[in-house]
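Here the structure is laid out as structure tokens; the discussion comes afterwards.
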Amino acid sequence: MIETEKKEERVLLIGVELQGMDNFDLSMEELASLAKTAEAVVVDSYRQKREKYDSKTFVGSGKLEEIALMVDAEEINTVIVNNRLTPRQNVNLEEVLGVKVIDRMQLILDIFAMRARSHEGKLQVHLAQLKYLLPRLVGQGIMLSRQAGGIGSRGPGESQLELNRRSVRNQITDIERQLKVVEKNRATVREKRLESSTFKIGLIGYTNAGKSTIMNTLTSKTQYEADELFATLDATTKSIHLGGNLQVTLTDTVGFIQDLPTELVSSFKSTLEESKHVDLLVHVIDASNSYHEEHEKTVLSIMKDLNMEDIPRLTLYNKADLVEDFTPTQTPYALISAKSKDSREQLQALFLEKIKDIFEPFTLRVPFSKSYKIHDLESVAILEERDYQDDGEVITGYISEKNKWRLEEFYD
Ligand SMILES: Nc1nc2c(ncn2[C@@H]2O[C@H](COP(=O)(O)OP(=O)(O)OP(=O)(O)O)[C@@H](O)[C@H]2O)c(=O)[nH]1
Ligand SMILES: [Mg+2]
């Protein structure tokens, strides 16, 4: 389909709050941010309290009439529902309302589709979209004409209305095969990196916490940072300097969110799991977000799912400039503002301090005849003091368990 002039997408949000539901407000606010990220204009939002979702139309019939009137009066083009809709609810809602209806999952999928840049990222998103689509295809793609595309028609469908289940299944298999190849290549690169005995730090955290801003602060500024959700999709690794000659890399990666569609989690697993192979995880939290505690819980539970709990962790509350009195939920922690002018030095010091914690202290006597080897040692160790004596020098510092053997070269 050729995209003609972009018209404003006017959306209406709908949420149903079930009894005992946690975080309903957070998730409705997040839905609005997600819609804005997808370049839609949020006209209004409807909430309803119910004991359970209506199996046919998700909201009750009275509410649905109200919504239909609103859709007409406000010239709404798309209705976004804050939950996963069954294919049937989706069709029914579209029939009654006469406009496109999408759910939270499809909205997130659309944003990921907008954002994907790398070959791998595009494959991963496409895979997630097809998996989402599959159960929604009945017969020969009758529903597809309605379901395809999302808020801005970025879905895999629309241009391929002839899609049927079998062809979708074939595509899924094909993409999975391509992804395996990409992942294998990545594993090889990773092995090389592991061998290189570089100290690896991974940034993780909720979307919009400030991970890319921290990455940019510590490197030459190239990561896309923006007040949008899912600004970053592809994992990026760069060398950073912490003082001394210690070789350190920093990896920025996709942010987390509540109710990340399972199709996406499974397709992005390999990207998320990049963080598994680091020596230190830096958990970045937006201290100024009133829901930061819920954000933390989401991140910690995804980390648990990915078996990353045992990796040493540094908790950074970010955006200190926006908070007055702040109570952390995670300890120990540091409060920073990645945007402040001295954040670079502050971050370097915090990282270095944490690395010393992880490393083991050592004292080494180096005869002058072996002084030339110290330079190499510095790439894997933090040197604290060099005390020159008659026959050589005494060095104290910190080194990782993994690299302790390097000290043996200095023994007589
Ligand atoms: N006021 C203030 N804003 C900040 C600070 N750090 C980051 N931001 C802003 O927060 C927004 C999100 O920052 P990003 O670095 O893109 O966040 P991210 O964690 O990479 O987000 P995703 O890529 O979506 O996961 C941007 O608009 C930043 O300018 C800070 O210390 N203070
Ligand atoms: Mg980012």
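List of remarks:
- Unique residue being within 16 Å of ligand 2 (Cβ to nearest atom) and either more than 28 Å from VAL125 (Cα to Cα) or at pLDDT 95 or above (or both) when the list is VAL254, VAL284, VAL323: VAL284
Okay, residues lined up against (1) within 29 Å of ILE172 (Cβ to Cβ); (2) among the basic types (Lys, Arg); (3) crowded, with 22+ Cβ neighbours inside 10 Å:
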{"position": "LEU69", "(1), (2), (3)": "no, no, no"}
{"position": "GLU74", "(1), (2), (3)": "no, no, no"}
{"position": "GLU95", "(1), (2), (3)": "yes, no, no"}
{"position": "ILE108", "(1), (2), (3)": "yes, no, yes"}
{"position": "LEU123", "(1), (2), (3)": "yes, no, no"}
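- Residues (within 22 Å of ILE311 (Cα to Cα) and open to solvent by less than 20 Å² (accessible area, probe 1.4 Å)) located in segment 346-392: LEU347, PHE351, ILE355, PHE359, VAL380, ALA381, ILE382
- ILE311 passes every criterion in (1) assigned to a strand (DSSP E or B); (2) in contact with a strand residue (DSSP E or B) (Cβ under 8 Å, 6 or more places away or on another chain) apart from (1).
- Residues of segment 265-280 that turn out to be more than 19 Å from PHE230 (Cβ to Cβ) and either among the small types (Gly, Ala, Ser) or surrounded by 21 or more Cβ atoms within 10 Å (Cβ to Cβ) (or both), as a count: 1
- Criterion: aliphatic (A, V, I, L, M), crowded, with 21+ Cβ neighbours inside 10 Å and under 18 Å from VAL181 (Cα atoms) - qualifying residue of ALA113, ALA128: ALA128
- Of the strands (runs of 3 or more DSSP E) entirely within segment 187-306, those holding at least 1 residues that are among the hydroxyl-bearing types (Ser, Thr, Tyr) occupy 236-240, 248-252.
- Subset of segment 242-260 [within 14 Å of ligand 1 (Cβ to nearest atom), under 30 Å from ASP25 (Cβ atoms) and open to solvent by 10 Å² or more (accessible area, probe 1.4 Å)]: GLN258, LEU260
- Segment 329-345 - residue that is within 16 Å of ligand 1 (Cβ to nearest atom) and more than 22 Å from the chain's Cα centre (by Cα) and, of those, most open to solvent (accessible area, probe 1.4 Å): LYS341
- Matching residues in segment 302-320 - criterion: being within 16 Å of ligand 2 (Cβ to nearest atom) and open to solvent by 40 Å² or more (accessible area, probe 1.4 Å): LYS319
- The set of residues in segment 348-372 being part of a strand (DSSP E or B) and not hydrophobic (A, V, I, L, M, F, W, C) consists of GLU360, PRO361, THR363, ARG365, PRO367.
- Residue tally, condition among the acidic types (Asp, Glu) and away from ligand 1 (no atom under 15 Å from the Cβ), over segment 194-241: 1
- For segment 205-221, the condition holds for no residue, the condition being that it is touching a His at 6+ places or on another chain (Cβ under 8 Å), more than 15 Å from ligand 2 (Cβ to nearest atom) and at pLDDT 90 or above.
The values are calculated or read from the model by the stated rules, or taken from the named source; none is laboratory data. Keep in mind the model is a prediction, meaning the values are calculated, not measured. Ideal geometry is used to build each Cβ from the backbone, glycine not excepted, and the neighbour counts take in all protein chains shown. When the accessible area is computed, the model is the full protein with side chains, heavy atoms only, and any ligands, DNA or RNA have been set aside. Shrake-Rupley method; radii C 1.70, N 1.55, O 1.52, S 1.80 Å.
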